[in-house]
1. Return a yes/no flag: does the range 291-307 have any residue that is buried (at least 20 other Cβ atoms within 10 Å of the Cβ), assigned to a helix (DSSP H, G or I) and touching a helix residue (DSSP H, G or I) at 6+ places or on another chain (Cβ under 6 Å).
2. Can you tell which of GLN58, GLN75, GLN84 is surrounded by fewer than 23 Cβ atoms within 10 Å (Cβ to Cβ) and touching a Lys or Arg at 6+ places or on another chain (Cβ under 8 Å)?
3. With respect to ILE446, is the statement that it is farther than 21 Å from ALA243 by Cα, in contact with an Asp or Glu (Cβ under 9 Å, 6 or more places away or on another chain) and either without any contact (Cβ under 8 Å) to a residue 40 or more places away in the chain or buried (at least 19 other Cβ atoms within 10 Å of the Cβ) (or both) true?
4. Kindly indicate whether HIS185 is of a type outside the set (Val, Ile, Thr), under 15 Å from the mean Cα position of the chain (by Cα) and in the same structural domain as VAL433 (by TED's automatic domain parsing).
5. May I ask you to say which residue of ILE234, ILE282 is under 17 Å from the mean Cα position of the chain (by Cα) and closer than 30 Å to ILE198 by Cβ?
6. Just checking, does the range 110-133 include any residue being assigned by TED's automatic domain parsing to the domain that holds SER435, free of Cβ contacts under 8 Å to residues at least 60 places away in the same chain and charged (D, E, K, R)?
7. Please go through the range 379-411 and give me each residue that is farther than 17 Å from LEU322 by Cα and in a loop (DSSP other than H, G, I, E, B), ordered by number.
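The values are calculated or read from the model by the stated rules, or taken from the named source; none is laboratory data. All figures in this text were calculated on a predicted structure; none of them were measured in a lab. Glycine gets a Cβ as well: all are built from the backbone with ideal geometry, and neighbour counts include every protein chain shown.
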Amino acid sequence: MDHVRKSRTWASATTPDTRHPTTPANWLIATLLFATLLFAATASAQTSRAGDGIGAAQVDAIYPDIEKLYIDLHQNPELSLHEQRTAATLAARVKALGYEVTTGVGGTGVVAILKNGPGPVVMLRTELDALPIEEKTGLPFASTVKTKSDAGDVVSVSHMCGHDLHMAAWSGTAELMAKNRAHWHGTLMLVGQPAEEIVAGATAMLRDGLFTRFPKPDYALGIHDEPGLPAGVIGFHPGYFRANSTGLDMTVYGKGGHGAYPQSAIDPVVIAARIVLGLQTIVSRENDPNDPAVVTVGSIHGGSASNIIPDQVKLQITVRSLDPAVQKRLIAAIERQAKFEALAANAPKEPLVETKSNTDAVYNDPALTQRMVAAARAALGAGQVVEMPAQMGGEDFSQFGLAGVHAVLLHVGAVDAAKLEASHKSGVPLPGVHSPLWAPEREPTIKAAMRAETAILMDLLQGR
């Protein structure tokens with residue numbers, strides 16, 4: 001998952017704003033204290049409640065096998081659109097549980113269907129792919145995989161975004177729902193989605209008939225690990241939750257020449273530098289501060305020697321916002337500023353701006369979010385399910401909601417609570433997702449994800 005983190009601490013508001021992130025600065029402290037105070041009561045209640053999903057005892061019973069799966073997936077990561085082994089591993093597990101399994105959907109995607117009488121269709125998604133990052137956690141089961149990228153480069157591969165956690169919980173939930181089918185009715189649809197890291201897999205599966213070849217869900221659920229929450233705490237946010245994310249490639253054109261005679265050339269390096277500086281004013285001077293937005297130039301390449309003025313310079317830009325209308329304005333402003341910087345420098349032609357990747361903002365259906373929160377709190381305890389702010393990272397889970405399904409993406413904390421509190425006090429940030437040091441607390445995170453998933457699915461599938 002593409003994840004852009006904020007440096008300041010988070011806070012939940014009493015009344016959620018469905019368009020914007022909450023902002024008070026005591027959110028993390030309150031979450032830690034609330035979770036700690038209620039932990040003992042929650043733990044004892046988890047095994048005694050009836051009708052609140054699948055109990056902790058069942059989760060504990062299957063966990064050793066699920067942890068083995070997690071370690072196997074962690075040691076054998078695969079890049080986006082190349083998740084053959086990963087998909088086969090998950091497909092074999094759910095097929096053995098009695099699901100009707102189809103592979104190769106949208107490339108390497110997996111769809112598993114368990115029909116259990118009349119009732120709604122509910123979808124649970126996990127992601128399959130890993131990242132081109134060298135793992136540096138020092139874990140005994142750390143990934144050492146290297147492979148060739150689509151560009152032909154040899155790259156390290158690792159699950160530094162937690163998709164291995166998601167898949168492990170998804171598999172455990174599949175097993176628990178199959179074993180407890182006497183307590184729910186309807187159709188459970190499990191989706192293993194490829195290529196989330198390049199925000200392409202959801203669209204690929206939809207184009208391959210995800211909602212036409214298979215039953216179209218009434219509801220869809222996704223869960224992602226979260227470095228800003230204590231391990232095992234579920235985070236939610238109604239409304240816009242994850243950002244619109246657009247990746248742009250820009251080529252700035254000039255007229256090459258000798259570095260000693262700049263008057264005979266048109267320098268695209270200088271034009272590009274002006275563009276980079278100008279783009280910073282889009283958010284600071286053209287955008288409403290109440291509408292979160294990010295414009296980042298992450299890559300700039302041009303030239304081959306100190307005494308040569310090149311013909312062109314290439315920029316790579318990421319654009320983020322929560323509001324779709326804001327996203328359109330940001331991109332239009334980027335194109336406008338680039339065009340007129342080039343015009344001012346008498347460039348031979350205006351810059352070429354190409355969209356290389358794009359995904360829409362994740363919108364969590366507010367009513368469904370509250371229903372899911374109630375089900376998760378009934379199973380885990382009120383202190384273990386907390387509101388969190390929206391984030392500027394992108395996620396193509398958004399495409400399922402845009403296809404007409406009531407959808408909600410939740411987060412599950414994956415960091416030791418004491419370490420989070422120490423980090424907050426010291427101001428020294430902990431490794432987050434997409435870091436080579438990302439090492440989540442696997443047991444409490446996976447168990448909480450399974451508890452939350454099963455509780456929500458049982459509720460939506462009329463298991464109460």
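1. Within the range 291-307, none of the residues are buried (at least 20 other Cβ atoms within 10 Å of the Cβ), assigned to a helix (DSSP H, G or I) and touching a helix residue (DSSP H, G or I) at 6+ places or on another chain (Cβ under 6 Å).
2. Numbers: GLN75 fails: touching a Lys or Arg at 6+ places or on another chain (Cβ under 8 Å); GLN84 fails: touching a Lys or Arg at 6+ places or on another chain (Cβ under 8 Å).
Result of the check over GLN58, GLN75, GLN84: GLN58.
3. Yes.
4. Working: of a type outside the set (Val, Ile, Thr): yes; under 15 Å from the mean Cα position of the chain (by Cα): no; in the same structural domain as VAL433 (by TED's automatic domain parsing): yes.
No; evaluated as a whole, the condition is false for this residue.
5. Numbers: ILE282 fails: under 17 Å from the mean Cα position of the chain (by Cα).
Of the residues listed, the single one that is under 17 Å from the mean Cα position of the chain (by Cα) and closer than 30 Å to ILE198 by Cβ is ILE234.
6. Scanning the range 110-133 turns up no residue that is assigned by TED's automatic domain parsing to the domain that holds SER435, free of Cβ contacts under 8 Å to residues at least 60 places away in the same chain and charged (D, E, K, R).
7. Of everything in the range 379-411, those that are farther than 17 Å from LEU322 by Cα and in a loop (DSSP other than H, G, I, E, B) turn out to be GLY381, ALA403, GLY404, VAL405.
Yes or no, residue by residue, for (1) closer than 26 Å to GLY117 by Cα; (2) of a type in the set (S, T, N, Q); (3) in contact (Cβ under 8 Å) with a residue 40 or more places away in the chain; (4) not assigned by TED's automatic domain parsing to the domain that holds HIS237:
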{"site": "ALA414", "(1), (2), (3), (4)": "no, no, yes, no"}
{"site": "LYS419", "(1), (2), (3), (4)": "no, no, no, no"}
{"site": "ALA422", "(1), (2), (3), (4)": "no, no, no, no"}
{"site": "GLY427", "(1), (2), (3), (4)": "no, no, no, no"}
{"site": "TRP438", "(1), (2), (3), (4)": "no, no, yes, no"}
{"site": "ARG451", "(1), (2), (3), (4)": "yes, no, yes, no"}
{"site": "ALA455", "(1), (2), (3), (4)": "yes, no, yes, no"}
